[in-house]
Amino acid sequence: MSGAPVQKAGTRTYTSLRHIAADLASTMRTARVLRSDRAAGRVGAAFAERLMLSVTRVNGCRWCSFAHSRMALAAGLRPDEVRGLLGGVADGAPEGELAALLYAQHWAEAGGRPDPAARARLVGTYGPAGAEAIERVIRTINTANLVGNTVDHVMGRLTRGRWASAIVLRTVVGAEAPA
């Protein structure tokens, strides 16, 4: 993250265009590396989805919650595990991923400024290349969460709340849900 102010847990948003631009530019530069991480087996699809759901829970992005719940199920996670991760519980995750999932939550709660000791434990557990691959996934979903929440916030203000109501109504009556 580019140094945006830390906000309390819930629905976190960007507070400046400079932070949005910096994070989006970083995410675009990282896209190719993320694909090579996946191809090299550093972070598989199910592991990536667990990380993404862990960060999404902290940031409260409904768009990412919906989309990554579906992707997690497609990657082989059980529905109860998805519900647990969105509730902040990682009990159903593989033992070898727990340290990364706890780090992902901590990273998001700390606004992208994790405690150096926590990062050292991540590197000690997964090695430097593994830790960097995990952090790339975390930064990418964090950016997506904040962009989604910021769009919701701006549109809600511009439409005096009708933006959220229209989305909920379409979702309830069977139209495509937010993705």
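When restricted to residues that are touching a residue at least 24 places away in the same chain (Cβ under 8 Å) and among the small types (G, A, S), the stretch 15-30 contains 1.
Residue check: G88 meets all listed conditions (1) assigned to a loop (DSSP other than H, G, I, E, B); (2) crowded, with 21+ Cβ neighbours inside 10 Å; (3) within 13 Å of the chain's Cα centre (by Cα) but one, namely (2).
Being in a helix (DSSP H, G or I), touching an Asp or Glu at 6+ places or on another chain (Cβ under 9 Å) and either crowded, with 21+ Cβ neighbours inside 10 Å or not hydroxyl-bearing (S, T, Y) (or both) is a description that applies to R50.
Answer yes or no as to whether A93 is surrounded by 19 or more Cβ atoms within 10 Å (Cβ to Cβ), more than 11 Å from the chain's Cα centre (by Cα) and at pLDDT below 95. Quick ask: steps written out before the conclusion?
Details: surrounded by 19 or more Cβ atoms within 10 Å (Cβ to Cβ): yes; more than 11 Å from the chain's Cα centre (by Cα): yes; at pLDDT below 95: yes.
Criteria met by A93.
Which residues, taken from the stretch 58-85, are among the basic types (K, R) and either part of a loop (DSSP other than H, G, I, E, B) or buried (at least 16 other Cβ atoms within 10 Å of the Cβ) (or both)? The answer is R62, R78. If you go through the stretch 18-34 and keep only what is crowded, with 17+ Cβ neighbours inside 10 Å, within 16 Å of the chain's Cα centre (by Cα) and more than 15 Å from V137 (Cβ to Cβ), you end up with just I20.
Against the list (1) in contact (Cβ under 8 Å) with a residue 40 or more places away in the chain; (2) out of contact with any Gly (no Cβ under 9 Å at 6 or more places or on another chain); (3) over 27 Å from H153 (Cβ atoms); (4) among the aliphatic types (A, V, I, L, M), the condition A104 fails is (3).
When restricted to residues that are among the hydroxyl-bearing types (S, T, Y) and part of a loop (DSSP other than H, G, I, E, B), the stretch 11-42 contains 5.
The values are calculated or read from the model by the stated rules, or taken from the named source; none is laboratory data. Source: prediction; values computed, not measured. All Cβ positions, even for glycine, are placed from backbone atoms using ideal geometry, and neighbour counts span all protein chains on display.
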